[in-house]
1. So how much slack lies between residue 404 and residue 295, counting 0.36 nm per residue of separation and subtracting their Cα-Cα distance, in nm?
2. Please compute the contact order of region 383-472 in relative form: average sequence separation of alpha-carbon pairs under 8 Å and at least six residues apart, divided by the residue count, as a percent.
3. Just order 110-123, 390-403 by mean Cβ neighbour count inside 10 Å, highest at the front, would you?
4. Per residue and in cubic angstrom, what volume does the convex hull of the Cα atoms of region 409-514 have?
5. Mean separation of Cα pairs under 8 Å and 6+ residues apart, divided by the residue count of the chain: what relative contact order is that in percent?
6. Going by alpha carbons, how many degrees (0 to 90, nearest 10) lie between the helix axis of 586-603 and the longest principal axis of the chain?
7. Which order, highest average first, do 467-474, 533-540, 244-251, 226-233 follow once you tally other Cβ atoms within 10 Å for each residue and take the mean per peptide?
8. Per-residue counts of other Cβ atoms within 10 Å, averaged by peptide: what ranking do you get for 204-214, 266-276, highest first?
């Protein structure tokens, strides 16, 4: 607790927390934020889903003498929270388009009589003159703005009416303001501060980490089969499958239902009564799978969602974080799986280029897309990368598909050197699409205009497609081998680590699935001997090559071919069985066993 905050205030808050909500104590990070709110300070709180943001404005409503006004964009959320607060015995109401004339009048009467302690209001309703006039006559202890990221044009869920909330605060006499959200990168936080506050607020940014969530991403092969396999791991449990189109939600719900799951569609095009009925079923029943567009989820407070899958790539890092955040809100383990494909990426690029957007807006959205694709194609810990996008440093998590060895790595040093050379020879002034054309030897107007068809690097990677080279460049960016110049965002620079790779001093492991199979005529991997699985043998050799490069050792020092052949033949299922393979001694089992076993398991 900060100095100067009366101890009795926090004492009363803790007593109310136990008495009204039945909680023994505050969650991590709640107390110091509440201390500032109760002391009348303006506050911006960025906290992960499931960390108890709602309590930051619900508890003060019990302790003040006036009214707490909560701005929320979601009718469903208002309905659920009002019902919850009334169940706790707190006088609460919601003012939005779903309220009929009689209900609105009842709320107006309660406000006039000062019987309400907590009022949820939709932003468009708050901005009406009659609402502002009515509330101006009330004593407002706190103006709370939920889902505050909606105010930012750089955010993933921008809502124009949020921009005028500062006007509303002015009309209400500038009451102390609390803005809360689970999702805001640095530019979005700056937007929130400028657009909602009259003076700099106290800012609290809690860790974005959700350690109970297992993070996994896969290229699309057979999306329906991949999703069904994920569902099968969660028999009898509730989850969400996000889809990129309304049609897809209905197709998947029908397919999963035919296979024996309780699966329901949800999208904005469904009749309101069906939408509401499906949402209620999801909230009230166990084992329901909601196949939904992003119209579903924000503000849906179901703590025991055990999995969130994306049938299609999300629109941004923020969207991804927000959507997977609906899983495991009870703190228990939950799984996430995101499927992505080249079609998803190209569709998103077209969407960015279309419409009435400023060049700056397009650039920001392209940057966000590049970040998301880099996360999808990561060759290092996904959680480490995800937190890094929000400005938070962490080590490898051990709880994602990359850390668990499910992502196959190959030695990508040669590809990395070619790509870095292209960056160097173009002075960093051109981005991935143009560089990919240079590397693959694709003559375009831009390539000819800049004379880049005369570069030594032109066509140096003509055995691969531009899409392959964009993947390599994205991995170099995500691994911090290249970066954007802080002083000039329009320029790429090669980092110190990247220079080590360019000079051949440092190896560069590359995800196998980033590179398509080489065209006919390219050198083929040696086939595995008889009775051994050829594909598995090739994957084991690729892993061995990457390890050997990284440790600057001959490949046989890791394991000789005989050992890999026997692995590919016997397919050991655990470390005990792997220890029986020729050439796998105690120390090598400890040092390399888990990585090679992961390749065998993934192949199986």
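Every number in this text was worked out from the coordinates using simple rules, so none of it is lab data. What you are looking at is a predicted structure, and each value in this text was computed from that prediction instead of being measured. For neighbour counting, all protein chains shown are included, and Cβ atoms are generated from backbone atoms with ideal geometry for every residue, glycine included.
1. The span from residue 404 to residue 295 would gain 36.0 nm if fully extended.
2. This gives 24 percent for region 383-472.
3. Per-residue Cβ counts within 10 Å, averaged per peptide and sorted highest first, yield 110-123, 390-403.
4. Per residue, the Cα convex hull of region 409-514 comes to 87 Å³.
5. Here the relative contact order equals 10 percent.
6. The angle comes out at about 70 degrees.
7. For the peptides 467-474, 533-540, 244-251, 226-233, the packing ranking is 467-474, 533-540, 244-251, 226-233.
8. 204-214, 266-276
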